[in-house]
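Visitor: Below you'll find the structure I mean.
Throughout, read-outs are computed from the coordinates displayed, never taken from laboratory work. In this text the structure is predicted, and so the values were computed from the model without any measurement. Positions of Cβ are backbone-derived with ideal geometry, glycine not excepted, and every protein chain shown enters the neighbour counts.
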Amino acid sequence: MAKVSTLLCFDFGLSNIGVAVGNTLTKEARPLAVLGAQHGKPNWDKVSALVNEWLPSVVIVGNPTNEGLYHDGQMLSPERLCLAMVRSAIAAGAVAVNYAEAGDFIVEDNRLIGVQVKDKLSRKSASLMAALTINAAGPWADELMQAGDTNQPQKKLVRSKGIHIV
């Protein structure tokens, strides 16, 4: 039986942050809470409390369309949220890697099980294995996918709003 993963999703606005929770078993999500924000700045204690309560395997952070108007960069401190999520993931047993470049995919039985990485500071290479590998390459996601499977037709992501997967 496949492991069930919990997903916690945050959609940031200038005055509110929508929060949803989902899981990989039912492949469904439901609204969880609406947190207040002041000029896009969240109450970090409330965000941390939700993360600690649900202990998600995956956290998804997005910028809302703000009623049809796209205001890029309205979240004033995305790096703080990212760092808070990384720290929470580490506390839950995850391993975080920085200054690393993804190389070749490691495939076994037609399934992605890991990736070769190169430490950009020490220049050392290593194989990272995982039960779940997430492509969080942002605008370079297409290029990373093409490097992993040249036999597939080229698929292009349609970018409609900023989303970061941690």
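Visitor: Full-extension gain between A33 and D104, please, as 0.36 nm times their residue separation minus the C-alpha to C-alpha distance. Could the numbers behind the result be given before it?
Guide: On the way: separation 71, 0.36 × 71 = 25.56 nm, distance 3.96 nm.
Full extension of this stretch gives 21.6 nm more.
Visitor: Mind sorting I90, I106, I60, I17 by how few other Cβ atoms lie within 10 Å of their own Cβ, fewest first?
Guide: Values: I90 11, I106 16, I60 19, I17 25.
The most exposed by this proxy come first: I90, I106, I60, I17.
Visitor: Further question: Which residue, chosen from A130, I90, N110, occupies the Cα position most advanced towards the positive end of the dipole of region 84-138, where the dipole is computed from +1 (Lys, Arg) and -1 (Asp, Glu) charges on Cβ about the Cα centre?
Guide: I90
Visitor: So, in nm, how far is label S15 from label N135 when the simple model puts each one 7 Å beyond its Cα toward the Cβ?
Guide: 3.9
Visitor: I would also like to ask the following. Could you work out how far apart the two model spin labels at L112 and W54 are, taking each label as a point 7 Å from the Cα in the direction of the beta carbon, and quote it in nm?
Guide: Calculated label separation equals 2.3 nm.
Visitor: Suppose R0 equals 35 Å; then what is the FRET efficiency for R80 and Q146 from their Cβ-Cβ distance, rounded to the nearest 0.05?
Guide: Values: r = 33 Å, r/R0 = 0.94.
E between R80 and Q146, to the nearest 0.05, is 0.60.
Visitor: Using 0.36 nm times the number of residues separating K120 and V95, minus their current alpha carbon distance, what extension gain do you get?
Guide: On the way: separation 25, 0.36 × 25 = 9.00 nm, distance 1.72 nm.
Gain on extension, K120 to V95, equals 7.3 nm.
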